[in-house]
Amino acid sequence: MLTVYGHPISSFTWKALIALYENDTPFDFITVDQSTYADFIAKWPMGKFPILIDSDRKKMVTETSVIIEHGGKRPDPPALAHAAVRAAVAKARDLAPSLPLFAGGKSFGGRMTSQAQTKEPLPHVRGLVFFGFPLHPAGKPSDERATHLSDIRLPMLFLQGENDALASLDLLKPVVARLGERAALKLVPHADHSFHVPAKTGRTDADVLNEILDAAAAWMLGRD
């Protein structure tokens with residue numbers, strides 16, 4: 001059984017809840033308030049919500065994007081995702097034929113874009129931008145998902161949170177280093193897979209979003 005602890009006015013709580021509702025995933029929801037706070041803190045002393053408790057697997061998930069992955073349905077099969085990437089690239093080319101074209105995506109979308117490029121080069125694409133490349137499942141460090149990246153001849157930019165549960169830096173940094181001059185890595189201090197940062201950093205998620213978008217824009221301009 002799945003149990004989610006969160007609060008109705010928390011945007012991150014709703015990101016997780018919407019995914020669970022859309023996937024018809026059964027779960028119990030507990031609002032973190034004065035009556036439940038002690039129980040919540042006992043389970044997760046960091047005090048950040050939402051968290052998901054999977055009693056069947058005896059597992060706790062503490063990051064919104066990983067909750068979505070944990071409780072959601074299986075993603076689209078790779079062949080379908082690759083076709084979607086190619087359709088998006090073709091549409092972008094049709095809409096703005098005079099502009100430099102770059103491809104990429106967030107998490108699964110970026111990974112599928114990289115796979116599509118290795119299957120058959122994406123027409124007119126000058127580089128790939130990965131917003132939170134999902135190097136491995138949460139809690140299962142591995143770099144197997146990066147094996148195909150060595151076959152990509154395009155420039156690549158990895159935008160990654162330092163606290164990303166889906167990309168151990170001990171594994172990601174060597175992956176990027178092995179790609180040589182083709183790859184660049186931009187790390188966001190304190191950010192998780194969703195690029196969320198704790199309030200104690202004095203920064204907002206909007207600040208982080210502006211930072212990574214500026215970094216992506218500067219990198220793409222440098223490839224023009």
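Could you tell me the extents of segment 2-71's C-alpha atoms along the three principal axes, largest first, rounded to whole Å?
Principal axes ranked by extent give 30, 28, 18 Å for the Cα atoms.
With respect to the cross-link table entries 15/59; 15/48; 58/140; 58/173; 59/186; 140/173, which display a Cα-Cα separation exceeding 22 Å?
Values: 15/59 20 Å; 15/48 14 Å; 58/140 16 Å; 58/173 31 Å; 59/186 31 Å; 140/173 17 Å.
Too far apart for the 22 Å limit: 58/173; 59/186.
Output the relative contact order of segment 78-223, whole-number percent, from Cα pairs under 8 angstrom with separation of 6+ residues.
Values: 234 pairs, mean separation 26.7, N = 146.
Taking the mean separation of contacting Cα pairs over the length of segment 78-223, I get 18 percent.
When 190, 82 are ordered from fewest to most other Cβ atoms inside 10 Å of their Cβ, what list results? Intermediate results must be reported in sequence, preceding the final value.
Numbers: 190 14, 82 20.
Fewest-to-most ranking of 190, 82: 190, 82.
Using a simple spin-label model with points 7 Å from Cα along the Cα→Cβ vector, what separation in nm is obtained for residue 151 and residue 95?
2.9
Find the eigenvalues of the gyration tensor of the Cα atoms of the chain, then list the square roots of 5 times those eigenvalues as equivalent ellipsoid semi-axes, largest first, in whole angstrom. Write down the numbers at each step before the final one.
Working: eigenvalues 225, 71, 57 Å².
Sorted largest first and rounded, they come to 34, 19, 17 Å.
Say R0 is 25 Å: what FRET efficiency, to the nearest 0.05, do residue 58 and residue 36 get from their beta-carbon distance? Walk me through the numbers on the way to the answer.
Numbers: r = 21 Å, r/R0 = 0.83.
About 0.75, to the nearest 0.05.
To make sure I understand, if each residue's beta carbon is the centre and we count other beta carbons within 10 Å, what order do 60, 46 fall in, fewest to most? Intermediate results must be reported in sequence, preceding the final value.
Numbers: 60 14, 46 9.
By the 10 Å Cβ count, ascending: 46, 60.
Take 9, 18, 67 and order them by how many other Cβ atoms sit within 10 Å, fewest up front.
On the way: 9 7, 18 11, 67 27.
So the ranking, lowest neighbour count to highest, is 9, 18, 67.
Compute the acute angle (0 to 90°) between the alpha-carbon long axis of helix 78-95 and the principal axis of greatest extent of the alpha-carbon atoms of the chain; round to the nearest 10°.
Long axis of 78-95 versus the principal axis of the chain: about 60 degrees.
None of the figures in this text is laboratory data; all of them are computed from the coordinates on show. Owing to the predicted nature of the structure, the values given are computational and were not obtained by experimental measurement. Please note: Cβ atoms are built from the backbone with ideal geometry, for glycine as well, and neighbour counts cover all protein chains shown.
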